[in-house]
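Encoded as structure tokens, the structure appears first; notes follow it.
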Amino acid sequence: MLKCDNKIQTTIDMVEQHQNSSSEIASLADVDWSFAERERPHAIESIHPYPAKFIGELPRALLRILPCPKGTLVFDPFAGSGTTLLEAQRLGLPSVGVDLNPIACLIARVKTGVAPDNLTEKARAIGSAAAQSRAKRIWKIPNVDHWFKADVQTAIGALLDKIREVDNQATNDALRLALSSILVRVSNQDSDTRYAAVDKKVSREDVFSHFLGAAEKLNKALLSRDWSLAQARVIEANTLTMKPEDIGGRVGLVVTSPPYPNAYEYWLYHKYRMWWLGFDPLAVKQQEIGARAHFFKRNHHTEEHFWDQMRETFHLVRKVLVKRGYACFVIGRSKIHGKIIDNADIIQAVATEAGFTTTTRIERTISATRKSFNLSHANIKTETVLVLQKN
Ligand SMILES: C[S@@+](CC[C@H](N)C(=O)[O-])C[C@H]1O[C@@H](n2cnc3c(N)ncnc32)[C@H](O)[C@@H]1O
């Protein structure tokens, strides 16, 4: 084991070193995995909130150091808001990502897709047309009156009606994303991470002005991307039921951070965004790996479920990944009914069963921003970066 004596105490464990991969492994050891000296992130990285998302530097370091042979894809089986896909694109690498959560997929698609023509003008026209409508409706959204004032509901509904009329997919996606990004702000919910109802004195005019502001910000971020848009495909699906042929090509490199038991709740975080945009958060919750709800019911999930889910994941990864290809998994610890579970140990064991060797194990400190989404019950302060190689 090699201990780096810097103030964040990053430990790098080089478990096994292979002759033909030793230079890559040595380069991994040179990285400051705390990314204490981060540059200001590109505006495209913060177009919409997402819990437990990568800081761009993390996948960027892995994608720069580890090989992705020509003609193969970078793959993220739990793509979330698409940080791996975006970083692959910045390096000119084609990629594919899968996520169950439709809001995650929307963010990832917009981040890596073409910039729509005249987005700001379209948002302005939609806002003006929507402002004419005051039609009241009954929404099939549980507790909608608790979380959204009546005139805010009519404004959101009118915007959605107008957005629905936009045929161009990239424009439609961008407008829905802009609206999604302001939904917590115009709701009675205190903040993205605090589920308490408070009176924020939001009016229907605020809905239209925040929507236009979000579209302008998004447009600026999209237009300021100064790299060419390598192919990035986003698949909205359950990774555990994917077939290798669904991935659409050979994979040269996997970079992912899987969900883990009893930690973040992606479906809950975006519950109202999903209701408004016409998705079913309860169906997402049902299939979401690690959702807390699965651990607090009769016949609740256990650590064993996570073992099986990761076995399924590695079954897929093994099938699509090239020989001697790398799979990087970034993962933290969980607490299930009082017991601390080291998920990296589970991934390592499952990967070994599936015919992978652990080449590098890094313990990194999670940044303060990531921790703002954090959960006191899990007390997550560090996470593990596992670099596995297919035998
Ligand atoms: C740690 S997050 C990934 C964040 C991502 N690295 C980013 O930068 O945004 C894990 C993701 O796994 C997704 N997920 C959970 N269960 C899933 C399943 N069965 N199939 C596909 N994705 C799933 C969640 O929706 C969540 O987006």
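The values are calculated or read from the model by the stated rules, or taken from the named source; none is laboratory data. Quick caveat: nothing in here was measured; it's all calculated off a predicted structure. Don't worry about glycine lacking a Cβ; one is built from the backbone with ideal geometry, like all the others, and counts go over all protein chains shown. Heads up: the accessible areas ignore ligands, DNA and RNA and are worked out on the full protein's heavy atoms, side chains in. Shrake-Rupley method; radii C 1.70, N 1.55, O 1.52, S 1.80 Å.
Here are a few things to note about the model shown:
- Residues that are open to solvent by 50 Å² or more (accessible area, probe 1.4 Å) and hydrophobic (A, V, I, L, M, F, W, C) do not occur anywhere in the stretch 319-337.
- Yes/no for residue 305 being in contact (Cβ under 8 Å) with a residue 12 or more places away in the chain, over 17 Å from residue 237 (Cα atoms) and not assigned by TED's automatic domain parsing to the domain that holds residue 160: yes
- Pairs with Cβ under 7 Å, 6+ apart, first in the stretch 57-69 and farther than 13 Å from residue 35 by Cβ, second open to solvent by less than 10 Å² (accessible area, probe 1.4 Å) and in a helix (DSSP H, G or I): 63/87; 63/88; 65/28
- Filter pass, residue 126 being in contact (Cβ under 8 Å) with a residue 12 or more places away in the chain, among the β-branched types (Val, Ile, Thr) and under 21 Å from residue 268 (Cα atoms): no
- Scope the stretch 280-291; condition of a type outside the set (Val, Ile, Thr) and within 12 Å of the ligand (Cβ to nearest atom); matching residues: 281, 283, 285, 286, 287, 288, 290, 291
- Looking only at the stretch 220-231, and only at residues there that are open to solvent by less than 30 Å² (accessible area, probe 1.4 Å) and within 23 Å of residue 101 (Cβ to Cβ), the one that is nearest to the ligand (Cβ to nearest atom): 221
- Members of the stretch 280-318 found to be assigned to a loop (DSSP other than H, G, I, E, B), in contact with a helix residue (DSSP H, G or I) (Cβ under 8 Å, 6 or more places away or on another chain) and either open to solvent by 70 Å² or more (accessible area, probe 1.4 Å) or under 15 Å from residue 99 (Cβ atoms) (or both), listed by number: 280, 288, 289, 290, 291
- None of 170, 230 is over 27 Å from residue 332 (Cβ atoms) and either part of a helix (DSSP H, G or I) or not aliphatic (A, V, I, L, M) (or both) except 170.
- Test set (1) within 27 Å of the chain's Cα centre (by Cα); (2) in a loop (DSSP other than H, G, I, E, B) - residue 202 fails condition number: (1)
- The numbered conditions (1) open to solvent by less than 20 Å² (accessible area, probe 1.4 Å); (2) farther than 22 Å from residue 51 by Cα; (3) acidic (Asp, Glu) are all true for residue 199 except (1).
- Within the set 277, 253, the sole residue that is away from the ligand (no atom under 13 Å from the Cβ), aliphatic (A, V, I, L, M), surrounded by fewer than 23 Cβ atoms within 10 Å (Cβ to Cβ) and modelled with pLDDT of 95 or more turns out to be 277.
- Test result for residue 54, open to solvent by 10 Å² or more (accessible area, probe 1.4 Å), touching a residue at least 12 places away in the same chain (Cβ under 8 Å) and within 10 Å of the ligand (Cβ to nearest atom): yes
- Members of the stretch 22-48 found to be outside any helix (DSSP H, G or I) and surrounded by 19 or more Cβ atoms within 10 Å (Cβ to Cβ), listed by number: 31, 33, 34, 47, 48
- The set of residues in the stretch 240-250 that are within 16 Å of the ligand (Cβ to nearest atom) and in contact with a Ser or Thr (Cβ under 6 Å, 6 or more places away or on another chain) is empty.
- Among (1) modelled with pLDDT of 95 or more; (2) closer than 30 Å to residue 190 by Cβ, the one test that residue 134 misses: (1)
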